[in-house]
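What follows is one structure encoded as structure tokens, with my remarks underneath.
Where a number appears in this text, it was derived from the coordinates with a stated rule and is not lab data. No experiment lies behind these values; they were computed from the predicted model shown. Cβ: placed from backbone, ideal geometry, glycine included. Neighbour counts: every protein chain shown.
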Amino acid sequence: MIVMKFGGTSVEDGKAIDRVAQIVSARLDQNPAVVVSAMSRITDSLVAMSHLAAAGSLDEALRLLRQLRQRHLAVLGSLVKPKAQGPVRADLQTLFDSMQQVLRGVAALGELSPRTTDSILSFGELLSSRMVTAAFRARGLDAVLVDSRQTIVTDASHTRAVPQFHLTNQRMRSAVQPLLDAGRVPVMGGFIAATADGITTTLGRGGSDFSAAIVGAALRARKIEIWTDVEGMMTTDPRLCPDAQRIAVIGFDEASELAYFGAKVLHPATLIPAVEKNIPVYILNSRNPESKGTCIRTHAPRSKTVLRAIAAKRGAKVINVRLPRMLVVHGFLHALFEAFDRHACPVDLVSSSEVSVSVTVEGARDLSGLVQDLKRLGNVEVEDKKAIVCLVGENLRGRIGVAADVFHVLANSGVNVHMISQGASEINISFVVEETDVPEAVRHLHAHFFSQEATSKILSAAAAN
């Protein structure tokens, strides 16, 4: 069997959902299970209305809810004939009524808890999965709705729940495998799950991709397909560099590095269950189903270029902590990272010397408490509006001259580097620049490493060896 996940833009309207039905129909012989995201921009709307309700603006929150209702019912009307709409239309109305009650409760309390946030955010996938199931049936597919909250079990870490794989695998095989064995098409909402006690949870940003991988691992899928609105993973962001090329095959470790450092085609955690089960993941374009996309597998063939891809992650801050040399204290690094742990502040890059450490963190975070703790250890400086540029390729640490090439290109393009991280990973060279320098840095590096001349050099070297 295979798992097919369709993102928000792939189910954004009636036309898009009709395309999805055609794509799934073409793969019926592969025994597909389907996972769908909320329609595009719906999750953002749910976040907005929940915050409005918590702030006391209930009327504005309910106005957004009415718009949500109108949009979904209009899409349903374009997909299913009026006489067949009754049951699913009633289901949607029940969900909207329930959502309205939750928002009224939030407004009455003036508080939005993580548990309530999960309850509100779950509605996007609950709505879309019902509409997609109805659309499939209207087109002759033997589709059956499966509530992900009944099959994916997590802990109670609301808004970023952690799957409990043993229970999840048991429930998935019990509820979904018989449907596949009967030749039916299970349709599930991504992103949503529940605790063992049935309390709704969500898997965090990109959770629908994660859901697909969880389903695939539990059911021992032959492959997992992530259908989106791009041709696959690219050698860099095509908005920064029009010469960006599609990557045909990439390794799991390389794809994870790129995803973490800004390549937003998929969520990094998506890969974890797939890696453990050695299941290939395909990134495909629902608007161009004939495209071959990108295959992510455990081991990829050697690249024709030194780098596999370049990614950039904007919105970073650099925190520099320095000790006077005469005050070097044993345990400094332990104390420093203990402070980051206390404030639940993840670190992207680290660069250290005997008396100083520089780290990068997400720029949107409130660092006031962390900075006060760090000042007990030494002098603290925070640099804002930075970006991380990540270069990924096979065995970069062992290739002589690659780093020299990188920084020679940057110097010639007038880009100043604030921080460098190399050595922790064999496949990654990362550095920090000003946010405004990202386009210049990426374009010059891409031109240098992905030009026809660069490819020819690699092929000549390979032939010589």
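Computed values, structure above
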| read-out | value |
| --- | --- |
| The chain, relative contact order in percent, only Cα pairs under 8 angstrom and at least six apart counted | 13 percent |
| Over the stretch 2-229, relative contact order from alpha-carbon pairs under 8 Å, at least 6 apart, % | 28 percent |
| Helix-derived mean residue ellipticity, 222 nm - over the chain, DSSP H n ≥ 4, -39500 (n - 2.57), to 500 | -13500 deg cm²/dmol |
| Neighbour cut-off at most 12 other Cβ (10 Å), DSSP loop, trypsin sites (Lys or Arg not before Pro), the stretch 1-76 | none |
| Hz values of 3J(HN,Hα) by residue in the stretch 353-366 - Karplus curve (6.51, -1.76, 1.60), Gly and Pro given as x | 9, 4, 10, 8, 9, 10, 9, 10, 9, 5, x, 6, 6, 7 |
| The chain: DSSP helices with Cα axial extent of at least 30 Å and average Kyte-Doolittle hydropathy no lower than -0.5 | 58-79, 86-109, 114-138 |
| Test item: Cα-centred dipole of the stretch 309-464, Lys/Arg +1 and Asp/Glu -1 on Cβ, debye | 140 debye |
| Footprinting exposure proxy for Lys81, Lys375 (fewest neighbouring C-beta atoms within 10 Å first) | Lys81, Lys375 |
| Gap separating the Cα centres of the stretch 194-248 and the stretch 319-379, nearest whole Å | 33 Å |
| Likely footprinting exposure, Asp243, Asp373, fewest C-beta neighbours within 10 Å first | Asp243, Asp373 |
| Convex hull of Cα atoms in the chain, direction-averaged projection (nm²) | 25.1 nm² |
| For Ser358, Ser174, Ser128, Ser413, order by how many other beta-carbon atoms lie within 10 Å, fewest first | Ser174, Ser413, Ser358, Ser128 |
| Surface/4 estimate of mean projected area, convex hull on alpha-carbon atoms of the stretch 45-87, nm² | 3.5 nm² |
| Gain upon complete extension [Gln101, Arg115; 0.36 nm per residue less C-alpha separation] | 3.5 nm |
| Dipole magnitude (debye, nearest 20) for the chain, charges at Cβ of Lys, Arg, Asp, Glu | 1140 debye |
| For the stretch 157-175 and the stretch 278-295, distance of Cα centres in Å | 26 Å |
